[in-house]
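So the structure is just underneath, and the comments pick up after that.
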Amino acid sequence: MKEDKKKVYLRSFGCQMNKLDTALVSSALKDAGFSLTDSVKNADVVLINTCSVREHAEQRVFSHLGHLKHIKKTRLDIVVGVIGCMAQRLGAELLRHEAVDLVCGPAQIPRIVELLEKTLQTRQKSLAVTENIRQRNSEEQDLSIERFESTYGIEDKQLQSQAFVRVMRGCNNFCTYCVVPYVRGPEVCRPPEAIIQQIRRLADRGVKQVTLLGQTINSYKYKAGEKIYSLADLLWIASDIEGIEWIKFITSYPCEEFFDDILQAMADSLKVCNYLHLPAQSGSDRILTAMNRHYTAHQYLDLIDRARDTVPDIAIAGDFIVGFPGETDEDFAATAELVKKAKYRNCFVFKYSPRPGTVADERLLDNVPYELKQKRNVELLHLQETISAQLNKAFMGRKVKVLVEGLSKKPHACASGDGQHSQLVGRTATEHIVVFNGPQSLAGEFADVQITQTSPLTLFGVYEGRKS
Ligand code: 5AD
Ligand code: SF4
């Protein structure tokens, strides 16, 4: 019986939301009798979960599909499916690609098993995308998505003791550069009891850290009877769950509303980690307006000050887009100025990539040359590196608690081996990456590490013992 199982090679591009979707698809497939394989060579089915946020991400998928087209010439029976954001964005156009048999948008993922089985049976191309993606789902559709999410929402197999839990889908913000609202639809918040039940189940299975996910997670709101639940409520309820030790949440939108009570939860609950991902995108008010971000650089820095007043050791991460249409040297200098003032733990910097269908693409000229975007990207990263290096030095000699992820992927000379133990990597509550030597059995456990060396991106240390 076992040999009959169809083997699926499942590949994921993009953000944590996508990783979560991939994990859901993976367990739904296994539940339906498919098995997973880590090579295309052995696969009967190749499924690619895709990202549309920048053109580069889409190009990578197309190059993968080009490769699969060749493979399909000799392996006629292989089925290729594209799921996720690109599937929703390109729909029928993607289905016309020679390599592609199945196209399934993010909102249709609960149907993935049914769609795949049909494609395997009929060998006919199949398209499942949402017609009016900005239209609110019917109650029935919401229920089906919710059912799928709560049935298959299990721990991340890659990272022991950790899990992602979605608290909301979609986005209502319409930043002018962003494709997300057009591929993931309007904002829908999951019911608090479903979220909490899911976290309880995860805790029962040994999960110690949950990361709550939402595009603008601080605006989570759900009316149940008389009560309106906020993210702070969720954080407090989750804090009471035995077994869950660390709670993180990404990504927050810089706005006055729904900010203070979240910071207070961070300050008062031992379990809510002192880490805030708060993308600024630019430090120029002119560009922020063109991006349809609803704050000024000054207001943004005020929020950061408030965060540090409430949670003194908070680690803040930022996202920036460089080379947005019309960005002058002066605008970029304002961004660099903001980065200097914000003292981020780390920054993610992206070169502006025009996305079809977005306001910026339709109304603004992508007039910053690629080389200049690249130059600004390098400059900003370099600036942040200097800041991170400085901030990380403060960790020297300190003992930190980390949740161990597993073997470090690339060996670091700094944490030299002791011949007995492996080089492990873990993260602190503030998302600092820590490399140290220790027994492999520590994966998924908390450990105390004494920091002996630092670099801009990594802390290095000596294992001090298991933390129960
Ligand atoms: N071009 C470049 N970066 C983008 N991002 C979103 N859309 C674009 C785009 N069109 C970045 C933002 C966001 C992160 C997830 O990706 O910085 O916070
Ligand atoms: Fe995109 Fe803006 Fe929504 Fe973030 S808040 S997903 S950048 S539209």
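Here, each number is a calculation from the coordinates, and none is a lab measurement. In this text the structure is predicted, and so the values were computed from the model without any measurement. As a convention, Cβ positions derive from the backbone with ideal geometry for all residues, glycine included, and neighbour counts pool all protein chains shown.
Numbers below:
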{"quantity": "Calculated from backbone phi, Karplus (6.51, -1.76, 1.60) coupling profile of region 82-97 in Hz, x at Gly/Pro", "calculated": "10, 10, x, 4, 5, 4, 5, 5, 9, x, 4, 4, 5, 5, 6, 4"}
{"quantity": "Peptide ranges 216-226, 79-89 listed from the most packed, as the mean C-beta count within 10 angstrom indicates", "calculated": "79-89, 216-226"}
{"quantity": "Karplus (6.51, -1.76, 1.60) ³J(HN,Hα), θ = phi - 60°, over region 187-197, in Hz, Gly and Pro reported as x", "calculated": "5, 9, 8, 7, x, x, 5, 5, 5, 5, 4"}
{"quantity": "Cross-link reach list, aspartates and glutamates versus LYS72, counting only Cα pairs under 15 Å and skipping chain neighbours closer than eight places", "calculated": "ASP44, GLU98, ASP101"}
{"quantity": "For region 324-468: rounded, prolate or oblate by the Cα gyration tensor [a/c cutoff 1.5]", "calculated": "prolate"}
{"quantity": "Cβ-placed point charges (K, R +1; D, E -1), dipole of region 92-217 about Cα centre in debye, nearest 20", "calculated": "200 debye"}
{"quantity": "Net charge over other residues, Cβ less than 14 angstrom from the Cβ of PHE174 (K, R count +1; D, E count -1)", "calculated": "+2"}
{"quantity": "Region 258-392, relative contact order in percent, only Cα pairs under 8 angstrom and at least six apart counted", "calculated": "26 percent"}
{"quantity": "Selection from GLY426, HIS70, LEU383, by position along the positive dipole direction of the chain (Cβ)", "calculated": "HIS70"}
{"quantity": "Under-5 Å amide H pairs with PHE249, H placed in peptide plane, nonlocal only", "calculated": "LEU212"}
{"quantity": "Under 5 Å, built H, 5+ apart or other chain: amide partners of THR452", "calculated": "GLY397, PHE460, GLY461, VAL462"}
{"quantity": "Placed amide H near LYS351: partners under 5 Å, 5+ positions off or other chain", "calculated": "VAL322"}
{"quantity": "Counting DSSP beta bridges with both ends in region 212-358, the antiparallel % (nearest 5)", "calculated": "25 percent"}
{"quantity": "Entries of LYS19/LYS399; LYS248/LYS409; LYS6/LYS41; LYS208/LYS271; LYS19/LYS393 with Cα pairs more than 21 Å apart", "calculated": "LYS19/LYS399; LYS248/LYS409; LYS19/LYS393"}
{"quantity": "Relative contact order (%) - the chain, alpha-carbon pairs under 8 angstrom, separation at least six", "calculated": "9 percent"}
{"quantity": "Per-residue HN-Hα couplings for region 313-318 [Karplus 6.51, -1.76, 1.60; θ = phi - 60°; Hz; x = Gly/Pro]", "calculated": "9, 5, 9, 10, 10, x"}
{"quantity": "Whether region 1-95 is rounded, prolate or oblate, judged on the alpha carbon gyration tensor where a/c under 1.5 counts as rounded", "calculated": "oblate"}
{"quantity": "Helix-only mean residue ellipticity at 222 nm for the chain, each DSSP H run of n ≥ 4 adding -39500 (n - 2.57), per residue, nearest 500", "calculated": "-11000 deg cm²/dmol"}
{"quantity": "Residue-span extension gain [GLU385 to SER455] - 0.36 nm each, minus C-alpha spacing", "calculated": "24.3 nm"}
{"quantity": "Shape call, the chain: gyration tensor on alpha carbons, a/c limit 1.5", "calculated": "rounded"}
{"quantity": "Within straight-line cross-link reach of LYS223, lysines at Cα separation under 19 Å, skipping those fewer than 8 residues along the same chain", "calculated": "none"}
{"quantity": "Net charge contributed by nearby residues that have their C-beta within less than 12 Å of THR310 (K/R +1, D/E -1)", "calculated": "-4"}
